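Novice: I'd like to ask some things about the structure below.
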Amino acid sequence: MEYTPRLKKKYQEEIIPALMKEFSYRNVMQVPKLTKIAVNQGLGTAIVDKKLIDTGIEEMSNITGQRAVATKSKKDISNFKLRRDMPIGVRVTLRGDQMYEFLDRLVSVAIPRVRDFRGISDKGFDGRGNYTFFFSNESVSTEIDLDKVSKINGMDITFVTSARTDKEAHALLKEFGIPFRK
């Protein structure tokens, strides 16, 4: 028996029919889907301490379940003591089953553990059906050992969808369980 992520199954069985009814699509292929999730973490203080990139890669890999890569600066900025090709961040792009597993852990474990949580702002849509928000509290992730963390860094999470409008993408993400503010 082959394993299928819970949210992938939910998308096929519940979300597609709900969105077809809401937006009156004529074909299943018109229903928007989640294409990828990009997780990015800027580590500006890594200019001074090179070990921060290694710990950032390790933490991001533990959180997402996929090997993270370092992002490098594109140009020199003398005011920040930044040189071209210096590592300044960490990123991961998730697709397929790993994307659904990460989204499931984010929605059902990490977000509910945040103190005084009032919902995610719905102002992060870009006009083309993609949504980005800043998750400032990576310490609520169960994959991270808090004793080993020297500095808590937030991360940008971008949901790339095949939706043509922000309204369609909002409905899709809400069906997946993203808790938007009322």
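Novice: Would you mind checking Lys8/Lys36; Lys123/Lys167; Lys33/Lys182; Lys50/Lys72 for any pair whose Cα atoms are more than 19 angstrom apart? Walk me through the numbers on the way to the answer.
Specialist: Details: Lys8/Lys36 13 Å; Lys123/Lys167 12 Å; Lys33/Lys182 23 Å; Lys50/Lys72 13 Å.
Where the Cα-Cα span goes over 19 Å, the pairs concerned are Lys33/Lys182.
Novice: When Phe117, Phe23, Phe125 are ordered from fewest to most other Cβ atoms inside 10 Å of their Cβ, what list results? Working shown, then result.
Specialist: Working: Phe117 12, Phe23 16, Phe125 20.
Least to most surrounded, the residues fall as Phe117, Phe23, Phe125.
Novice: Arrange Thr161, Thr4, Thr93 by Cβ neighbour counts within 10 Å, fewest through most, would you? Spell out each step's value before the answer.
Specialist: Values: Thr161 21, Thr4 11, Thr93 17.
By the 10 Å Cβ count, ascending, the order reads Thr4, Thr93, Thr161.
Novice: Can you list the residues of the range 13-46 with backbone N under 14 Å from a point 7 Å past the Cα of Phe134, pointing along Cα to Cβ?
Specialist: 40-44
Novice: Same structure again: Net charge around Tyr131, counting only other residues with Cβ within less than 9 Å of its Cβ (Lys, Arg = +1; Asp, Glu = -1)?
Specialist: Values: positive: none; negative: Asp122, Asp126, Asp166.
Taking every other residue near Tyr131 into account, the sum is -3.
Novice: What net charge do the residues around Leu94 carry, taking every other residue with its C-beta under 9 Å from that of Leu94, with Lys and Arg at +1 and Asp and Glu at -1? Before the final figure, lay out each step's value.
Specialist: Numbers: positive: Lys36, Arg95; negative: Glu101.
Charge balance near Leu94 sits at +1.
Just so you know, all these numbers are worked out from the coordinates, no wet-lab data involved. Since we're looking at a predicted model, the values are computed, not measured. No Cβ is skipped: glycine too gets one built from the backbone with ideal geometry, and neighbour counts run over all protein chains shown.
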